[in-house]
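Bear in mind that the values in this text are calculations on the coordinates, not laboratory data. Remember, predicted model here, so these are calculated numbers, not experimental data. Note that we place each Cβ from the backbone using ideal geometry, even for glycine, and neighbour counts take in every protein chain shown.
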C-alpha cells in the first residue's frame, strides 16, 4: 500500500466546516454554562477573553471589535481541530474507527494542547488554575465530546463506512 493511495482520498469539506462549527458552538455553550453569564455582555466578554490570546489584556477595552475577533479566532481554532483530525485520518484510516475511544483520546489531546501549550505561549501567558477541579472536570468532559465530533466529521469528510460485517473502510480506498 502506497502513501499516495492513502493521502489521495478526496476530502469533502462541508462535514469538516460543519464539524468545526459544532465544536465551536459546543465550546461556547460549555463556557457560558460555567464561566460567563447568559447575557449579551457575558457573550461579548467570552469572545474578548478568547481574543486576549492575540491582543493581550487590551482585548477587554476593544468592545465589540475584539469580541468579533475572538469569535473568528474561536471558529478558526475549532475548524482547525477538525481539519487536523481529517488529514490524520486520511493518512491513517485506523483513526476513523472506534469513534468513542479515538474521540475521547483526541479530546484529551486537545484539552492538554490548548491549556498547557497554546495558552501559555499566547498572550494569555498562563495555564489553567487547579483551584476549581469541578470546572476542569466539565472542561475535560466537554473536550471528550469535541474529540468525538472531530472523529465523526472526519469520517463524513472522508466517506468512511463500515459494511454489514463491521469491516471499516474509506470509500475509494483500495488495498494494493
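Matching residues to (1) over 29 Å from residue 152 (Cβ atoms); (2) free of Cβ contacts under 8 Å to residues at least 40 places away in the same chain; (3) in a loop (DSSP other than H, G, I, E, B):
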site	(1), (2), (3)
41	yes, yes, no
70	no, yes, no
75	no, no, no
120	yes, yes, no
*Specify which of the listed residues (158, 108) is within 30 Å of residue 10 (Cβ to Cβ), under 18 Å from the mean Cα position of the chain (by Cα) and surrounded by fewer than 15 Cβ atoms within 10 Å (Cβ to Cβ).*
108
*Would you confirm whether any residue within the range 61-71 is surrounded by 16 or more Cβ atoms within 10 Å (Cβ to Cβ) and under 17 Å from the mean Cα position of the chain (by Cα)?*
yes
_For the range 95-105: of the residues being surrounded by 14 or more Cβ atoms within 10 Å (Cβ to Cβ) and out of contact with any strand residue (DSSP E or B) (no Cβ under 7 Å at 6 or more places or on another chain), which is farthest from residue 152 (Cα to Cα)?_
105
*Collect the residues in the range 12-39 that are surrounded by fewer than 16 Cβ atoms within 10 Å (Cβ to Cβ) and not in a helix (DSSP H, G or I), keeping them in residue-number order.*
12, 35, 37, 38, 39
*In the range 79-105, what residues are outside any helix (DSSP H, G or I) and under 15 Å from the mean Cα position of the chain (by Cα)?*
none
